[in-house]
1. Which whole-Hz ³J(HN,Hα) couplings does region 2-15 yield from phi under the Karplus relation 6.51 cos²θ - 1.76 cosθ + 1.60, θ = phi - 60°, glycine and proline marked x?
2. Give me the log10 of I(q) over I(0) for region 1-82 at q = 0.18, 0.20 Å⁻¹, as the Debye formula computes it from C-alpha points; what are the numbers?
3. If each residue of separation counts as 0.36 nm, what is the full-extension length gain between residue 67 and residue 164 once their alpha-carbon separation is subtracted?
4. Would you work out what percent of the accessible area of region 164-276, with all protein chains in place, is carbon or sulfur (probe 1.4 Å)?
5. Rounded to the nearest 10 Å², what accessible area does residue 256 have for a 1.4 Å probe in the complete protein model?
6. Counting only protein chains, not ligands or nucleic acids, how are 66, 82 ordered by accessible area (probe 1.4 Å), most first?
7. What nm value, rounded to one decimal, do you get for the distance between residue 256 and residue 211 when each label is placed 7 Å out toward the C-beta?
8. By its C-alpha gyration tensor, with a ≥ b ≥ c as the square roots of the eigenvalues, how is region 169-276 shaped: rounded for a/c under 1.5, else prolate for a/b larger than b/c, else oblate?
Amino acid sequence: MLVAFLLTLLAGGATSIGAALGVLGRGTSPKLLAGGLGLSAGVMLYVSFVELMPQGAQVLSGGDVITPSGGAYAALSFFIGIALIAVLDRLVPEAVSPHEFSGRMAGTHGQTEVREPDEQAADRALRARLLRMGAVTAAALALHNVPEGFATFVAALQAPEVAIPVVAAIALHNIPEGLAVAVPVRRATGSRAKAFWLASMTGMAEPVGAVIGYLLLSPLLTGEAMGAILAGVAGVMVFVSLDELLPAAEETGEHHTVIYSLISGMAVMALTLIVL
């Protein structure tokens, strides 16, 4: 349990990498961002369909052989997981949706940093608008990261052999989220420290989500309920991949990089499962 929590903490902490990029004024290559997001999506999609869903169906079937009823309950749990994360996603305003903002950062980050020294452009109205944007984005991402944290925690707790690739995938996609918060806050306040810590705190919602989810659902983390949770977690990961990671990656304009990275992520996950 401690290892699962530490891995979730590590995944959430990767937001600080994006925050550091935002406050240090380093540009982010669109191709690098597209590759990282595509790789993350490939890992999460493969582990969801090849590992978590079959495991959930086996548990729900009461043995190693998946029964029709076990498969049906797993499928139902999978779509319930998608429905839950979709409802949470709808609560996030489109203007500050994680994938919308991450994609914009890929194309404008370097441009923003070049313009920043020009104090004439940073008038009071612009600073106020950017600060509000950064604060709302931080709150939206924190809410968004809570179920992700629980999903990561459950995956690490139940399937240790896939924990590290899943954590790596979550961590990679948290980097542009930290960037998305840090850039406007730094631009608005002129404070690197405030931008860094506000962006970093959004990632800490993941271990918080793990703790809250475990405290609320720990009685269910055994037996058939665990099978339903595993299938539901698969649904959450698939939704995040299709609704957040891939759209953000495509917004960079590096389509082929996204596809090759997506396939590479699947291959890495397949190799990991075979070796382990």
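The values are calculated or read from the model by the stated rules, or taken from the named source; none is laboratory data. Keep in mind the model is a prediction, meaning the values are calculated, not measured. All Cβ positions, even for glycine, are placed from backbone atoms using ideal geometry, and neighbour counts span all protein chains on display. Side chains included, ligands, DNA and RNA excluded: accessible areas come from the protein's heavy atoms. Shrake-Rupley method; radii C 1.70, N 1.55, O 1.52, S 1.80 Å.
1. Calculated HN-Hα couplings, in order: 5, 4, 4, 5, 5, 5, 5, 4, 5, 4, x, x, 5, 4 Hz.
2. The computed values of log10 I(q)/I(0) come out as -0.92, -1.00.
3. Contour length minus Cα-Cα distance gives 31.9 nm.
4. It is 74 percent, rounded to a whole number.
5. About 120 Å², ignoring ligands and nucleic acids.
6. Order by accessible area, largest first: 66, 82.
7. 4.8
8. oblate
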